[in-house]
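The values are calculated or read from the model by the stated rules, or taken from the named source; none is laboratory data. Since the model is a prediction, treat every value here as computed from it, not as a measurement. Virtual Cβ from ideal backbone geometry, glycine too; neighbours counted across all protein chains shown. Please note that ligands, DNA and RNA were not included when accessible areas were found on the heavy atoms of the full protein model with its side chains. Shrake-Rupley method; radii C 1.70, N 1.55, O 1.52, S 1.80 Å.
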Amino acid sequence: MAASVAVPRPRFNGKTHPPARVDTEPLWVRWLLTGLALAFLTGFLLIPLATVFSLAFSKGIAAYFDALTEPMAFAAIKLTLLVAAIAVPLNLIFGIAAAWAIAKFEFSGKSVLITLIDLPFSVSPVVSGLIYVLLFGLQGWLGPWLAAHDIQIIFAVPGIVLATIFVTFPFVARELIPLMQAQGTEEEEAALVLGASGLQTVWRVTLPNIKWGLLYGVILCNARAMGEFGAVSVVSGHIRGLTNTLPLHVEILYNEYNSAAAFAVASLLAFLALLTLAAKSFLEWRLKEQFTTQQQENPS
Amino acid sequence: MSIAISNIVKTFGGFTALKGVSLEVEAGELVALLGPSGCGKTTLLRIIAGLDAADSGTILFDGEDATRRHVGERQVGFVFQHYALFRHMTVFENIAFGLRVRPRAQRPAEKEIQRKVHDLLSLVQLDWLAQRYPAQLSGGQRQRIALARALAVEPKVLLLDEPFGALDAKVRKDLRRWLRRLHDELHVTSVFVTHDQEEALEVADRIVVLNQGQIEQIGTPDEVYDHPATPFVYQFLGDVNLFHGRVHEDQAHIGEAELKARGQLNAGASATIFYVRPHELEVLRRPDGSQAVRAWVRDVRRVGSVIRLQLERLDGHGTLEAEMPRERYEDEVHAVQKGEQVFVRPKNMRVFSEHHHGSGVKD
């Protein structure tokens, strides 16, 4: 991981020389490359972000808060929080279960399971939304049966939750699998020999060992759950005050040329992104620390 | 607690790790399972612990069938090669773990736990480390904490999987002597796995030599070292020189040399292989009748107080290694140098009966 390596050099004339520099590019190349990266970052990330906030406040602070507290916007915020509150805990449980099975046990079909977990990453969100329409929609496979029993999934909250669970499925599992594989099963075995039950082993040994990685996965999962547009757009039906999440609400406002309100709502999502970024950096730092102590423990 | 293992078979896919192993361990004994890597010794240990299940065969603890007993109910302590300490817990909590996870009715009071953990910490002489985390300890300290953790639940059997395998040579030696003293104090039935014959010879009451999923020999350290049952045991417990030759009327014929047969030579055996340890080879400057094999010195190496000679037989039948204390090298062998000629006479030879020939014999 270390970018520069200190190379011991032979002594000449009894004098010690500083270690050789590994980055040998001339100064102007380094300035040019750094400058390019910064310009790219500014153009594609910082300026749009600043635009979001400046347009959000373009009609004054009062208009900004009006846009957020207006009933339709408020309903969208509530729905988004509700969807995340259902999808994230469920994917937390699915993710731990899948990672546990994959990292700690040997079974046939393991690689198929890993591929399936990755599937939502490789499928376009619109397609994943469409899958649910084809399954549960009125003309879908289960549509007539659902209609007969008066259950509505598509163009209703359940469909939005299902689509969100689908697109956010890999986050927790993907984060935990390598961590759990690196930790192996010896600590769990030690706990079992000492008389701990299966539940005690998971609760007292496995979970504490993965808590930072787990939190990291949950934060990414949550960010995606709140920000998901494509899949949710297909199944939602865009009913204002009922099936509109924050990203969909932004789109509607924008299409109505109400750009100040659209950007005000969008600034909420941007703010969420910044929070996520901060939490992510903190957790990455914790995880790195954990990995280094792990390597110290098992130098082989 | 005594352990009786009979006819344990274990396969992993197409690989048979244990081919019907039977073994009895008496109460209070310290037994070593010794063998090269892949011989099945760790698998056997894990089956005794209940961490793996045997395909067939039975395990009795004190005469009671424990084959299907759950790992948590076997009352064994297990010490892992890489310690397996709980990394997010302090040393204190690691040792207390086995007591804290007990059902409420059997769980000792907090005060009792405190007392017990501190007793164990002083037993392993690390009481000042109670509030540290495993990552802050050295390898030797971690292994002693792992041992204390295993002892906290007062196991009837202590199982150790290559307990010193990950430590450096000096710590290893200290720790295995310490383990022996600890065992003499506690008298808990113990089985430990090792691939290091020196460790097994020094620490164990009895040694079980395993090879390719089968037991080659069971015996005290002296028995397996002095009276190895098979060529494999002989070779695994130390360095060895091989002489191809024949036995005729109590005389061993090796090349041109005729040697008086001392030791256990089976009369009547024809072509045979003689096994001689490097320190049992006598090196002479002058011929002693026809009783020696001629060789020239290829190399002389000093390893501390011991001299090792690399010899090449003049009749072209390969190389030999002789080992002797420095004093003898200087006095009796007159500090023979590279390139000089010597006469080699085995002081002690072993012959294994015919059906063992070829099994594990390197030539």
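Here are the numbers:
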quantity	calculated
Test: residue in the range A:107-116 that is over 30 Å from A:Lys288 (Cβ atoms) and surrounded by 13 or more Cβ atoms within 10 Å (Cβ to Cβ)	no
Evaluation of A:Ala63 against (1) touching a Gly at 6+ places or on another chain (Cβ under 6 Å); (2) open to solvent by less than 80 Å² (accessible area, probe 1.4 Å); (3) farther than 21 Å from A:Asn222 by Cα (one fails), failing number	(1)
Selection status of B:Arg100, surrounded by 14 or more Cβ atoms within 10 Å (Cβ to Cβ), under 23 Å from B:Glu202 (Cβ atoms), charged (D, E, K, R) and touching a residue at least 12 places away in the same chain (Cβ under 8 Å)	no
Residues of the range B:155-168 that turn out to be among the charged types (D, E, K, R) and within 11 Å of another protein chain (Cβ to nearest Cβ), as a count	1
Enumeration of residues in the range B:127-141 that are within 12 Å of chain A (Cβ to nearest Cβ) and either under 24 Å from B:Val31 (Cβ atoms) or not hydroxyl-bearing (Ser, Thr, Tyr) (or both)	B:Pro134, B:Ala135, B:Gln136, B:Leu137, B:Gly139
Output for the range A:186-222, where each listed residue is of a type in the set (S, T, N, Q), in contact (Cβ under 8 Å) with a residue 60 or more places away in the chain and open to solvent by less than 10 Å² (accessible area, probe 1.4 Å)	A:Thr206
Count - residues of the range B:12-34 that are on the phi > 0 side of the Ramachandran plot and modelled with pLDDT of 90 or more	2
Helices (runs of 4 or more DSSP H) (entirely within the range A:169-213) containing at least 3 residues that are modelled with pLDDT of 90 or more and away from every other protein chain (no Cβ under 13 Å)	A:170-183
Single residue of B:Arg144, B:Arg149 found to be within 23 Å of B:His187 (Cα to Cα) and either at the interface with another protein chain (Cβ under 10 Å from one of its Cβ atoms) or open to solvent by less than 10 Å² (accessible area, probe 1.4 Å) (or both)	B:Arg149
Qualifying residue in the range B:151-171 (condition: in a helix (DSSP H, G or I) and closer than 22 Å to A:Arg204 by Cβ)	yes
Subset of the range B:59-107 that is assigned to a helix (DSSP H, G or I) and aromatic (Phe, Trp, Tyr) - its residue that is farthest from the other protein chains (Cβ to nearest Cβ)	B:Phe92
Residue ID - most open to solvent (accessible area, probe 1.4 Å), chosen from residues in the range B:205-222 that are touching a residue at least 12 places away in the same chain (Cβ under 8 Å) and farther than 23 Å from B:Gly20 by Cα	B:Asp205
Hits in the range B:349-363 (condition: modelled with pLDDT of 80 or more and either within 16 Å of B:Ala292 (Cβ to Cβ) or in a helix (DSSP H, G or I) (or both))	B:Met349
Enumeration of residues in the range B:25-49 that are surrounded by 23 or more Cβ atoms within 10 Å (Cβ to Cβ), of a type in the set (Gly, Ala, Ser) and within 14 Å of chain A (Cβ to nearest Cβ)	none
Whichever residue in the range B:325-339 is in a helix (DSSP H, G or I) and of a type in the set (D, E, K, R) and, among such residues, is nearest to B:Val306 (Cα to Cα)	B:Arg326
